[in-house]
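Bear in mind that the values in this text are calculations on the coordinates, not laboratory data. Note that the coordinates shown come from a computational prediction; the quantities given were computed from them, not determined experimentally. Here the Cβ is made from the backbone with ideal geometry for all residues, glycine too, and neighbour counts use every protein chain on show.
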Amino acid sequence: MRCTSCGFENIAESKLCEECGAKLARICPNCGHESSLAAKYCSECGSHLGESSQASSALAQPALAAPIHYTPPHLVERIMAEQAALEARGETAGERKTITVLFADMAGSTALIYDLDPEEAHRLISPVVALMMEAVHHYEGYVAKCLGDGILALFGAPIAHEDHPQRALYAALRMQEAMRRHSDRIRLEQGIPLQIRVGIHTGEVVVRSIRRDDLHTDYDPVGHTINIASRMESIATPSSILVSEATCKLTEGYFDFKALGATQVKGVREPLAVYEVLRLGVLRTRLQVAQHRGLARFVGREGELAQLRDALEQAKAGHG
């Protein structure tokens with residue numbers, strides 16, 4: 001049983017990780033949800049957890065489990081600097097932050113690798129996970145967990161960005177584009193169709209600490225932040241990107257969306273609106289988005305209004 005926190009391989013009967021003491025759980029290959037060791041079906045999506053040993057081993061053994069191994073050095077430095085700043089502020093109990101959570105996985109991976117040798121399955125999955133990570137790291141996101149055939153990534157923590165929702169969507173579009181190119185090549189060479197699906201939600205978490213030895217981040221979700229992002233991914237069709245209403249509102253104008261209606265999420269009373277990301281929007285700057293949404297009426301004095309208009313024209317001309 002591989003620990004999802006530190007990657008240590010424990011004996012099958014273990015309930016706690018022998019390396020870091022974390023509670024062991026079974027990871028659903030379909031949605032990434034953690035279930036108890038005795039569970040036969042995933043409590044989140046209902047998928048059967050008793051796949052063949054070959055499929056399970058191939059999905060449950062990422063090449064490098066700890067973030068320190070797959071995070072680019074320049075991002076490691078940024079993350080360490082964030083931890084030093086957290087310690088300097090004396091926030092030992094944790095810092096409450098709004099972040100954007102991204103789940104991505106390989107659609108139908110269990111069925112694809114069911115009859116494959118574990119090494120062949122690993123060679124099929126590893127490049128897919130690698131391109132997911134590359135897209136996240138390109139926009140300075142943090143891959144918190146490798147889920148075998150997918151990833152859990154955070155934007156806005158531990159590396160702070162005000163535009164973390166946009167970065168998450170940019171990363172999702174980048175990985176889908178990279179996946180289309182990779183899938184075309186694999187289809188021609190091996191006749192195997194490969195697709196990924198992505199789910200994104202923006203919500204709050206409490207970031208507690210960053211381990212300097214392996215770069216694991218300890219965070220506690222506030223409300224259903226992680227659960228909703230996982231749900232967005234689990235209901236996404238192959239090659240699609242689904243986001244919650246919270247993420248859609250923060251990125252409207254930068255991207256084009258298609259409303260898909262509402263879905264029920266376990267633990268949440270009211271159904272949640274779901275949107276599909278179609279493409280990049282025509283707007284690029286905050287000013288353009290603000291104008292599109294409607295600027296507030298200026299009520300200052302006439303002289304100040306004239307100065308503001310002059311400054312706006314200069315900014316539009318590239319002389320900010």
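Some notes on this structure:
- For the listed peptides 227-234, 261-268, 127-134, 192-199, a ranking on the average number of other beta carbons within 10 Å per residue, highest first, reads 227-234, 192-199, 127-134, 261-268.
- Of LYS15/LYS97; LYS40/LYS258; LYS15/LYS40; LYS40/LYS249, pairs whose Cα-Cα distance is over 28 Å: LYS15/LYS97; LYS40/LYS258; LYS40/LYS249
- Using a simple spin-label model with pseudo-atoms 7 Å out from Cα toward Cβ, LEU312 and ALA111 lie 5.5 nm apart.
- In order through the range 129-142: 3J(HN,Hα) via Karplus (6.51 cos²θ - 1.76 cosθ + 1.60), integer Hz, x for Gly, Pro: 5, 5, 6, 4, 5, 4, 5, 5, 5, 4, 9, 6, x, 10
- Three-way shape call for the range 135-188 based on the alpha-carbon gyration tensor, with the a/c threshold at 1.5: oblate
- For the range 191-238: rounded, prolate or oblate by the Cα gyration tensor [a/c cutoff 1.5]: oblate
- Label zone of LYS249 (point 7 Å out along Cα→Cβ, amide N under 18 Å): in the range 135-167 this covers 163-166.
- With each label modelled as a point 7 angstrom along the Cα→C-beta vector, the ASP213-ILE68 pair spans 0.8 nm.
- In this simple spin-label model, placing a label point 7 Å from the Cα along the Cα-to-Cβ direction at both ALA273 and ARG185 gives a separation of 4.0 nm.
- For the range 72-142, a/c is not less than 1.5, where a ≥ b ≥ c are the root eigenvalues of the C-alpha gyration tensor, and a/b tops b/c. That puts it in the prolate class.
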